[in-house]
Amino acid sequence: MNTIDQFDFKDKKALIRVDFNVPLDDEFKITDDKRIRAALPTISKILKDGGSVILMSHLGRPKDGPTDKYSLKHILPDLSSLVGVEVKFADDCIGESATKQAADLKPGEVLLLENLRFYKEEEKGDVAFAEKLSKLGEVYVNDAFGTAHRAHASTSIIAQFFPDAKYFGYLMASEVENAEKILNHAERPFTAIMGGAKVSDKILLIEKLLDKVDNLIIGGGMAYTFAKAQGGEIGTSLLEADKQALSLELIEKAKAKGVNLILPVDTVIADKFSNDADKKDVDSGQIPTDWMGLDIGPKSIALFQEVIKKSRTLLWNGPMGVFEMENFEAGTKAVAEAVVAATKDNGAFSLIGGGDSAAAIAKFGMEDKVSYVSTGGGALLEYMEGKELPGVKAING
């Protein structure tokens, strides 16, 4: 793997693709700086070598060119504070101004380019746009795992202009290494915990995991499709009606492969989608009309925890319920606690698969108590499914 450890950046301008797509409040203050912090080791190594850094990122989904709401200038104060130097800002990512500022950059200095997605060419993977970006630096570093599954100009196309000077940053390298550890070097028992809303979002991953895991736990909204497929009543719970046959197929595939597929045996239901709804526990498949399942129940929690705590490898992707609501967070929190316990007491390797799982583990203050929290939800899913990520392929060649 080509990592930045293989290069001395002294007097070199490093063009780094980072993922600074951070959440901002109404006053443009960063509400979660995890993605910026994740890039700091890479930036720090280059500056310590005596190089200079040009950062490029996207922010949000701007529709029609430059929009103040999506300007990366809003993150400058926090970024400067975290990096430890005053970060300069180019009000464009290509063009005369950006080119001059990049050319004038001295060793130890950092320049942040304006939002790449102000140009439609970025998401289109436009070669000419990628070439313009490439002129700004002498070495290309990709440290944006969260966008590695996109063949965008700055994440994969640009690498061709650096045939002998393209590297993974520390974040990208650790993401790939940890995913590989799960996929190809898992200690047994290996348990995957799948949650979230839809079976369709996770189908390819579930099928891939059935060849690798000992236990597959399914919770969250997708569990109601399984319950309905098995003849249960699910009220107004989430349902992918067209995925019921597929759910039954997955149950049969798990049996055939000797995988212990564990579904919820009870559920916490509510009379409306609200934190202050009336709620009660019922057995799975016994949800009355006009009620909906919003979390796994206490019997399911005990069942899931018992399996998780005995595991030596854990992959968790997707919450067990609507954890954003305090009254329906118990299942997700209990799974998080079990994963932490297995990691601490059993020496398990635990990988939290980005997205909502990462948000949940952060909400419960347990990020530092698991082995690794991925920064890339969609990218990690696709990597685990066995797909070649354009951002990874571009560096590996």
Query raised in the report: Of everything in segment 190-214 that's modelled with pLDDT under 95 and among the β-branched types (Val, Ile, Thr), which residue is surrounded by the most Cβ atoms within 10 Å (Cβ to Cβ)?
Result: Val199
Query raised in the report: Given (1) surrounded by 18 or more Cβ atoms within 10 Å (Cβ to Cβ); (2) assigned by TED's automatic domain parsing to the domain that holds Leu209; (3) in contact (Cβ under 8 Å) with a residue 24 or more places away in the chain, where does Val373 come up short, assuming only one miss?
Result: (3)
Report task. Specify which of the listed residues (Ala270, Ala241, Ala223, Ala302) is at pLDDT below 95 and of a type outside the set (Val, Ile, Thr). Result -> Ala241
**Report entry** Scan of segment 350-373 for residues that are under 15 Å from the mean Cα position of the chain (by Cα) and over 17 Å from Ala186 (Cα atoms), ordered by number
**Finding:** Gly354, Gly355, Asp356, Ser357, Ala358, Ala359, Ala360, Ile361, Ala362, Glu367
Query - Residue match in segment 39-54 (condition: without any contact (Cβ under 8 Å) to a residue 12 or more places away in the chain, in a helix (DSSP H, G or I) and more than 28 Å from Asp8 (Cβ to Cβ)) - result: no
Report summary line: Scanning segment 215-237 residue by residue, the ones that are surrounded by fewer than 19 Cβ atoms within 10 Å (Cβ to Cβ) and either touching a Phe, Trp or Tyr at 6+ places or on another chain (Cβ under 7 Å) or not acidic (Asp, Glu) (or both) total 4
Requested in this report: Go through segment 280-295 and give me each residue that's under 7 Å from Gly235 (Cα atoms) and part of a strand (DSSP E or B).
Outcome: Ile287, Met292
Requested in this report: Kindly establish whether Asp19 is under 20 Å from Lys69 (Cα atoms) and exposed (fewer than 12 other Cβ atoms within 10 Å of the Cβ).
Outcome: no
Requested in this report: Only residues that are touching a helix residue (DSSP H, G or I) at 6+ places or on another chain (Cβ under 6 Å) and part of a helix (DSSP H, G or I): list them for segment 172-199, please.
Outcome: Met172, Glu175, Ala179, Val199
Report summary line: Turns out the helices (runs of 4 or more DSSP H) fully within segment 66-161 with at least 2 residues that are more than 19 Å from Lys13 (Cβ to Cβ) and free of Cβ contacts under 8 Å to residues at least 40 places away in the same chain are 76-83, 120-124, 127-134
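Table: residues versus (1) surrounded by 22 or more Cβ atoms within 10 Å (Cβ to Cβ); (2) outside the structural domain of Ile30 (by TED's automatic domain parsing); (3) within 15 Å of Pro23 (Cβ to Cβ); (4) not β-branched (Val, Ile, Thr).
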{"position": "Gly51", "(1), (2), (3), (4)": "yes, no, no, yes"}
{"position": "Leu55", "(1), (2), (3), (4)": "yes, no, no, yes"}
{"position": "Arg61", "(1), (2), (3), (4)": "no, no, yes, yes"}
{"position": "Leu76", "(1), (2), (3), (4)": "no, no, no, yes"}
{"position": "Val85", "(1), (2), (3), (4)": "no, no, no, no"}
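The values are calculated or read from the model by the stated rules, or taken from the named source; none is laboratory data. Values in this document were obtained by computation on a predicted structure and should not be read as measured data. Please note: Cβ atoms are built from the backbone with ideal geometry, for glycine as well, and neighbour counts cover all protein chains shown.
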